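One structure below.
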């Protein structure tokens, strides 16, 4: 007779790292995209363990102001707005300035070609930040199609397994 699975025994969410993830992100700045904050806000316990593990690994968690704005927009109340803002501030060590990036944005627009017409300004700023800081920074995002591997190098990934399926996050650098 087959044993029934108790619903409470099923793990609701798990972040699965490949063996190289921590060594690749060690001693680097990890730029967090909006998708990371969205999933982290929805699953705070698992993401808190993940962020603490990264910080213990000497990974500096950063973002840019346009990501913060993108995450905050649509907050239905001031209390939710404040809770989301505090959530980001508790995670990141600094918000990098996304000013003086226009030259790098233009470099990327030329490289993307026609594909750049559908990119958000936030994704262009994220890419331009990678260009600006070079090998010292990587981006963690679930928006894999916004950072093509002919422009950015995908250096590792992680999987987020939960009841809705499996989401893959890529870690990208500009080289």
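The values are calculated or read from the model by the stated rules, or taken from the named source; none is laboratory data. All values derive from a computational prediction rather than experimental measurement. Virtual Cβ from ideal backbone geometry, glycine too; neighbours counted across all protein chains shown.
Looking at residue 124, is it touching a helix residue (DSSP H, G or I) at 6+ places or on another chain (Cβ under 6 Å), crowded, with 21+ Cβ neighbours inside 10 Å and either in contact (Cβ under 8 Å) with a residue 12 or more places away in the chain or not in a helix (DSSP H, G or I) (or both)? Walk me through it before giving the result.
Working: touching a helix residue (DSSP H, G or I) at 6+ places or on another chain (Cβ under 6 Å): yes; crowded, with 21+ Cβ neighbours inside 10 Å: yes; either in contact (Cβ under 8 Å) with a residue 12 or more places away in the chain or not in a helix (DSSP H, G or I) (or both): yes.
So residue 124 fits the description; yes.
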Subject >> Tally of residues being modelled with pLDDT of 90 or more and within 16 Å of the chain's Cα centre (by Cα) across the stretch 91-120 >> reply: 6
**OP:** Within the stretch 51-86, count every residue that is in a helix (DSSP H, G or I) and surrounded by 18 or more Cβ atoms within 10 Å (Cβ to Cβ).
**Re:** 8
**OP:** Identify, by number, the condition in (1) more than 13 Å from the chain's Cα centre (by Cα); (2) farther than 22 Å from residue 101 by Cα; (3) modelled with pLDDT of 95 or more that residue 129 doesn't meet.
**Re:** (2)
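Among the residues of the stretch 112-119, is any out of contact with any helix residue (DSSP H, G or I) (no Cβ under 7 Å at 6 or more places or on another chain) and within 28 Å of residue 55 (Cβ to Cβ)? Give the steps one after another, and end with the answer.
Our first condition is that a residue be out of contact with any helix residue (DSSP H, G or I) (no Cβ under 7 Å at 6 or more places or on another chain); within the stretch 112-119, this holds for 112-115, 117-118.
Next, from what is left, pick out any that are within 28 Å of residue 55 (Cβ to Cβ): none.
No.
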Original post:
Taking the stretch 41-62, which residues are within 14 Å of the chain's Cα centre (by Cα) and within 23 Å of residue 136 (Cβ to Cβ)?
Top reply: 50, 51, 54, 59, 60, 61, 62
